[in-house]
Amino acid sequence: MSDITIPTVEETKKLWDDFSEGYAATLEPLTFIIDSELQYMAQLPRAKKAVIVPGAGPGMGALRVKQNIPKDIKLYVGDISGEMVKITKHRFKEAGFDSEDPATNSVIGVMDNQELPIETAAADLYISNLSWMLVPDPKLQAQEAFRVLEEGGVAL
């Protein structure tokens, strides 16, 4: 086990920046199946405060969340890769949810799942699709999930 190297956050960013377009075109549709099940389990209309989607990749699943939560619910979408965030912002804009417009109630940006730039107890729902195994320290991601969730919030 001593020869296993865990990538740093910077190495992870570069890897996903380099792979973003290929992932969006080929693999994301496969992960969308799992994401759809997570969203069903989350019962999106139950959100009363905010939803956080960390490690959103190119944003296909996050866009579906946006389309299925009440308009007054804030949506935080992030990924460690700036290139993935660019794809996500483009997809949201094409669907009529320009993240630059405050009326869309969406925040999309580069976010490290282990240290989210979101206030404590800011949300009641946290949906992370296939990102736990991609962070250098999944325990930190779990701690962050519970930090940003209000008491009684749900993490999937």
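The values are calculated or read from the model by the stated rules, or taken from the named source; none is laboratory data. Here the structure is a predicted model, which is why all the values come from computation and not from measurement. Here the Cβ positions follow ideal geometry from the backbone for every residue, glycine too, while neighbour counts run over all protein chains shown. Side chains are part of the model used for accessible areas, which takes the heavy atoms of the whole protein and leaves out ligands, DNA and RNA. Shrake-Rupley method; radii C 1.70, N 1.55, O 1.52, S 1.80 Å.
Could you list, in sequence order, the residues of segment 88-113 that are of a type in the set (S, T, N, Q), under 12 Å from the mean Cα position of the chain (by Cα) and either surrounded by fewer than 18 Cβ atoms within 10 Å (Cβ to Cβ) or part of a loop (DSSP other than H, G, I, E, B) (or both)?
Asn113, the sole residue that qualifies.
Taking only pairs six or more apart or across chains, which ones have beta-carbon atoms under 7 Å, a first residue in segment 44-67 that is under 14 Å from Lys89 (Cα atoms) and assigned to a helix (DSSP H, G or I), and a second residue that is of a type in the set (A, V, I, L, M, F, W, C) and open to solvent by 30 Å² or more (accessible area, probe 1.4 Å)?
From segment 44-67, the pairs are Met60/Phe32; Gly61/Phe32; Leu63/Ala95; Lys66/Phe97.
Would you check which residues across segment 114-130 are open to solvent by less than 50 Å² (accessible area, probe 1.4 Å) and assigned to a strand (DSSP E or B) and list them?
Ala123, Asp124, Leu125, Tyr126
Only residues that are in contact with a helix residue (DSSP H, G or I) (Cβ under 6 Å, 6 or more places away or on another chain) and either farther than 14 Å from Gly55 by Cβ or without any contact (Cβ under 8 Å) to a residue 24 or more places away in the chain (or both): list them for segment 99-122, please.
Once the filter is applied, which keeps residues that are in contact with a helix residue (DSSP H, G or I) (Cβ under 6 Å, 6 or more places away or on another chain) and either farther than 14 Å from Gly55 by Cβ or without any contact (Cβ under 8 Å) to a residue 24 or more places away in the chain (or both), segment 99-122 yields Ser99, Thr120, Ala122.
Does Gly82 satisfy the condition of being in contact (Cβ under 8 Å) with a residue 40 or more places away in the chain and surrounded by fewer than 17 Cβ atoms within 10 Å (Cβ to Cβ)?
yes
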